[in-house]
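All remarks here apply to the structure that follows.
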Amino acid sequence: MNLSITVNKRKSKKTKKGFPIIVYASHDYQDKEWRTGYYTELSDWNSQRSVPKAKHPQYYFLLDYLNALKVRLNEISLESTKRPLSFEEAKTWVFNENRDSFYQSAMNLFEEGYRGTDWSAIRRFNKYYPYSSFTNVSNEIALGFRDELLKQGNKPSGVDSYIRSLKALWNRLSNKPNPFKGVVTEIPDTVKRVASHQDLLKLIQSEIPNNTGFSGFYHYRNYWLLMFYLGGIDPEVLAKLRYDKHLINGRIVFNRDKGRSKTACNNLIAEQAWTILEQYKKPDCPYFVPIHLSSNYKTFSGNFCRRLRELSRKLDLSIELRPKSARYTFIDRAQQLLIDERVTAQIVGHKRRTTTSIYTNDFPLNFQDDAHLKIITV
């Protein structure tokens with residue numbers, strides 16, 4: 001689709017304000033003219049650049065407006081190379097009229113500072129298909145989004161999570177047929193993610209040379225064990241834990257804030273965890289561990305994951321460790337010990353949605369702590 005800004009110079013269209021400034025669109029031997037609502041005398045118009053001359057009475061305002069239109073025209077031209085666009089959709093895109101934006105409506109749902117899966121999913125979808133509305137998103141576009149994510153190398157489980165988030169957002173915001181319904185992502189059998197009892201023994205007992213700084217096999221081993229000992233916490237939680245904010249009466253108290261659950265956690269710090277924490281405790285630093293020294297958490301996270309895999313091979317473990325496998329291992333051990341899943345959920349910060357949980361209060365902390373200690377005792 002070709003689009004441009006021009007002036008309709010036909011004498012029949014001239015008014016007291018001058019000739020109408022229009023957007024001209026052509027596609028498949030058809031063309032359309034859409035008025036912008038602005039006018040110009042021919043002497044006040046630069047036809048080569050499609051902008052008003054400085055002497056135009058509305059020069060500054062009109063120049064800004066037309067520049068914004070040109071950005072949208074470029075976006076439409078690019079989008080039209082990916083899929084067919086109707087004139088109606090292009091016009092809506094150009095003038096931003098009655099957009100009923102799926103992206104903006106979804107973003108308006110989120111509280112300030114929210115950065116969960118739903119937020120990530122709609123932002124990623126907007127990058128793939130900008131200016132989506134409840135009218136123009138189709139099942140084909142949803143399928144294309146899924147396929148593009150897989151093509152880029154994203155994990156099928158992550159892609160499936162994004163699709164489910166988008167489907168849920170659509171259902172919350174619109175009664176129109178959901179284009180994400182029926183978009184299935186095949187998830188292959190996952191590799192083993194849980195460390196065995198023997199793996200834990202090797203991690204705890206292996207002599208790994210200490211090194212300065214905050215990275216390296218020694219520190220990454222410690223971070224993984226801490227996440228396990230502290231209740232299967234997430235790596236991003238460990239990175240943010242502080243003595244002045246999260247240590248209350250000898251316990252760590254924090255908001256997991258994963259997804260949209262905002263689940264509060266109140267976990268004991270067992271002796272095994274204190275032994276590691278003492279190595280990093282400094283009077284002038286409030287953080288539990290020195291991950292904060294990294295200039296970029298994303299870079300640290302990538303290195304953490306990569307070096308854990310290397311460490312797994314060095315120690316001949318039965319799995320390739322990942323930062324998240326500390327959490328999986330904690331939960332798996334709880335299941336093997338036949339610990340009530342509601343107690344486990346209370347420790348790890350899972351939002352409990354069972355019917356029973358609606359009518360029951362949290363378990364007492366001493367009951368929770370007993371379960372916690374059983375899980376981490378190797």
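Observations on the structure shown:
- Hits in the stretch 254-274 - residues which are modelled with pLDDT under 85 and of a type outside the set (D, E, K, R): GLY259, SER261, THR263, ALA264
- PRO188 crowded, with 17+ Cβ neighbours inside 10 Å and either part of a loop (DSSP other than H, G, I, E, B) or among the charged types (D, E, K, R) (or both): no
- Whichever residue in the stretch 13-39 is in contact with a strand residue (DSSP E or B) (Cβ under 8 Å, 6 or more places away or on another chain) and among the hydroxyl-bearing types (Ser, Thr, Tyr) and, among such residues, is surrounded by the fewest Cβ atoms within 10 Å (Cβ to Cβ): THR15
- Residue match in the stretch 226-235 (condition: part of a loop (DSSP other than H, G, I, E, B), of a type in the set (A, V, I, L, M, F, W, C) and closer than 28 Å to PHE367 by Cβ): yes
- Wholly within the stretch 1-100, strands (runs of 3 or more DSSP E) carrying at least 3 residues that are over 30 Å from GLU148 (Cβ atoms) and out of contact with any helix residue (DSSP H, G or I) (no Cβ under 8 Å at 6 or more places or on another chain): 30-40
- For the residues PHE102, PHE95, the requirement of being more than 23 Å from TRP170 (Cα to Cα) and either in contact with a strand residue (DSSP E or B) (Cβ under 9 Å, 6 or more places away or on another chain) or among the aliphatic types (A, V, I, L, M) (or both) singles out PHE95.
- Condition check for ASN222: modelled with pLDDT of 95 or more, surrounded by 15 or more Cβ atoms within 10 Å (Cβ to Cβ) and among the polar types (S, T, N, Q): yes
- Of the set (1) more than 22 Å from THR377 (Cβ to Cβ); (2) touching a strand residue (DSSP E or B) at 6+ places or on another chain (Cβ under 6 Å); (3) outside any strand (DSSP E or B), all apply to PHE254 but (3).
- So ARG10, is it touching a strand residue (DSSP E or B) at 6+ places or on another chain (Cβ under 9 Å), in contact (Cβ under 8 Å) with a residue 12 or more places away in the chain and either surrounded by 15 or more Cβ atoms within 10 Å (Cβ to Cβ) or charged (D, E, K, R) (or both): no
One line per residue, one yes/no per condition, for (1) closer than 14 Å to VAL137 by Cα; (2) of a type in the set (Phe, Trp, Tyr):
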residue: TYR59; (1), (2): no, yes
residue: ASN74; (1), (2): no, no
residue: THR81; (1), (2): no, no
residue: LYS91; (1), (2): no, no
residue: PHE102; (1), (2): yes, yes
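Yes/no matrix, rows are residues, columns are (1) in contact (Cβ under 8 Å) with a residue 40 or more places away in the chain; (2) surrounded by fewer than 19 Cβ atoms within 10 Å (Cβ to Cβ):
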| residue | (1), (2) |
| --- | --- |
| GLU88 | no, yes |
| GLN104 | no, yes |
| MET107 | no, yes |
| TYR114 | yes, yes |
| ASP118 | yes, no |
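- Of the helices (runs of 4 or more DSSP H) that lie entirely inside the stretch 109-183, those containing 3 or more residues that are among the polar types (S, T, N, Q) and more than 26 Å from SER86 (Cα to Cα) span 156-173.
- Flag for ARG256 being in contact (Cβ under 8 Å) with a residue 12 or more places away in the chain, closer than 27 Å to SER120 by Cα and not polar (S, T, N, Q): yes
The values are calculated or read from the model by the stated rules, or taken from the named source; none is laboratory data. Remember, predicted model here, so these are calculated numbers, not experimental data. Reconstructed Cβ throughout: ideal geometry from the backbone, glycine too, with neighbour counts over all protein chains shown.
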